[in-house]
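Student: Structure incoming, see below.
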Amino acid sequence: MVDTVLARSATGRAAFLKMALLALGGTALIALSAQVSVPFYPVPMTLQTLAILIVGLTFGARLGAATLALYLAEGAMGLPVFAGGASAPALIGPTAGFLFGFAGMAWLAGLAADRGLARGFVTTALCCVVIAGLLYLPGAAWPMAVAELTGVSGKWVGVSATHVWASWVSPFLFGDVIKAVVAAMVVSGGRAVWTARVERGAASEP
């Protein structure tokens with residue numbers, strides 16, 4: 001039976017070097033996607049969530065979360081991997097809630113793949129839409145309350161729920177649904193191609 005997690009099915013038994021290379025490749029994909037940006041304030045609309053959903057669904061929960069932890073570490077070390085070429089300062093800026101939420105996003109997408117909840121296009125798309133919606137919880141909590149509790153200051157700190165909805169949430173809902181559907185198409189399509197290849201190989205064996 002083909003593993004529901006595409007990376008495990010394609011690469012076989014886990015090995016540290018193999019997983020490390022996959023994680024590095026995942027961070028590179030996410031960093032590149034972060035630079036494809038439509039300028040909005042305070043949160044730029046990028047293809048990051050599309051890449052993160054693909055990474056999570058493809059890698060599984062543990063490797064997906066580890067990849068995003070590595071991505072955040074790269075930014076903390078000063079590498080320009082965040083939207084607009086940003087690095088460490090973004091981790092305490094207005095987008096920080098989303099940035100830290102990315103690790104949970106990848107973990108949830110990977111968990112859906114691990115548990116077999118994201119198999120075909122429809123179920124994968126539904127999982128992606130729900131997970132994309134959950135990202136708004138840390139994204140909105142950060143400017144509303146968490147940033148102030150951690151001692152961060154700025155005009156965007158402690159803003160009202162109405163302002164957060166208008167600036168941090170509502171402008172991006174439609175785009176996030178589209179990106180969730182595209183991620184489902186990419187991963188379910190890739191899984192279908194790989195499964196067909198494995199089955200053809202098994203059928204050709206004597």
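Where a number appears in this text, it was derived from the coordinates with a stated rule and is not lab data. Because the structure is predicted, anything quoted here is derived from the model rather than measured. Backbone-built Cβ (ideal geometry, glycine too); neighbour counts: all protein chains shown.
Student: With a 10 Å Cβ neighbour count serving as the proxy for reagent exposure, in which order, fewest first, do 194, 156, 142 appear?
Tutor: Values: 194 15, 156 20, 142 28.
Listed from fewest to most nearby Cβ atoms, that is 194, 156, 142.
Student: Now a separate question. If you take the Cα atoms of the stretch 76-180, find Rg, then find the Kirkwood Rh from the mean of 1/r over all pairs, what is Rg/Rh? Walk me through the numbers on the way to the answer.
Tutor: On the way: Rg = 15.2 Å, Rh = 14.9 Å.
Dividing the radius of gyration by the Kirkwood radius yields 1.02.
Student: Could you list which residues have their amide H under 5 Å from that of residue 45, counting only those 5 or more apart in sequence or on another chain, with H placed in the peptide plane?
Tutor: 38, 40
Student: Suppose the chain between residue 122 and residue 62 were pulled fully straight at 0.36 nm per residue; how much longer would it get relative to their current alpha carbon spacing? Write out the running numbers ahead of the final one.
Tutor: Numbers: separation 60, 0.36 × 60 = 21.60 nm, distance 2.37 nm.
In short, 19.2 nm is gained.
Student: What's the extension gain from residue 87 to residue 38 if we count 0.36 nm per residue and subtract their Cα-Cα distance? Provide the component values of the computation, followed by the final result.
Tutor: Details: separation 49, 0.36 × 49 = 17.64 nm, distance 1.82 nm.
Difference between extended and current length: 15.8 nm.
Student: Also, quick follow-up: Summing Lys, Arg as +1 and Asp, Glu as -1, what charge do residues with Cβ under 14 Å from the Cβ of residue 109 carry, residue 109 excluded? Each step should come with its number before you reach the end.
Tutor: Values: positive: 62, 115, 119, 179, 191; negative: 114, 176.
Counting the neighbours of residue 109, the net charge comes to +3.
Student: How much net charge surrounds residue 129 when only other residues with a Cβ under 12 Å from its Cβ are counted (Lys, Arg +1; Asp, Glu -1)? Walk me through the numbers on the way to the answer.
Tutor: Values: positive: 179; negative: 176.
Charge balance near residue 129 sits at 0.
Student: Still on this structure, I have one more. Run through every distinct alpha carbon pair of the stretch 6-195 and return the Kirkwood hydrodynamic radius in angstroms, one decimal place.
Tutor: Details: mean 1/r = 0.0600 Å⁻¹.
For the stretch 6-195, the Kirkwood estimate is 16.7 Å.
Student: Another question, if that's okay. Return one number: the angle in degrees, 0 to 90 and rounded to the nearest 10, between the long axis of the Cα atoms of helix 61-76 and the longest principal axis of the Cα atoms of the chain.
Tutor: So the inclination is approximately 40 degrees.
Student: How far, in degrees from 0 to 90, does helix 173-204 lean away from the longest principal axis of the Cα atoms of the chain, to the nearest 10?
Tutor: So the helix axis and the longest Cα principal axis differ by about 20 degrees.
Student: Comparing 179, 18, 155, which has the greatest mean-square fluctuation in the GNM of the chain with Cα pairs linked when under 10 Å apart?
Tutor: Ranking 179, 18, 155 by mean-square fluctuation puts 155 first.
Student: Round to the nearest 10 and give me the degree value, 0 to 90, for the angle of helix 121-134's Cα axis relative to the longest principal axis of the chain.
Tutor: 20
Student: Something else: Could you tell me the calculated FRET efficiency between residue 146 and residue 169, based on Cβ-Cβ distance and R0 = 25 angstrom, to the nearest 0.05? Display every interim value, and only then the final one.
Tutor: Details: r = 16 Å, r/R0 = 0.63.
Computed FRET efficiency for residue 146 and residue 169 comes out at 0.95.
Student: Then there's this: In nm, give the distance between the simple-model label positions of residue 15 and residue 153, each being 7 Å from the Cα along the Cα-to-Cβ direction.
Tutor: It works out to 5.4 nm between the two label points.
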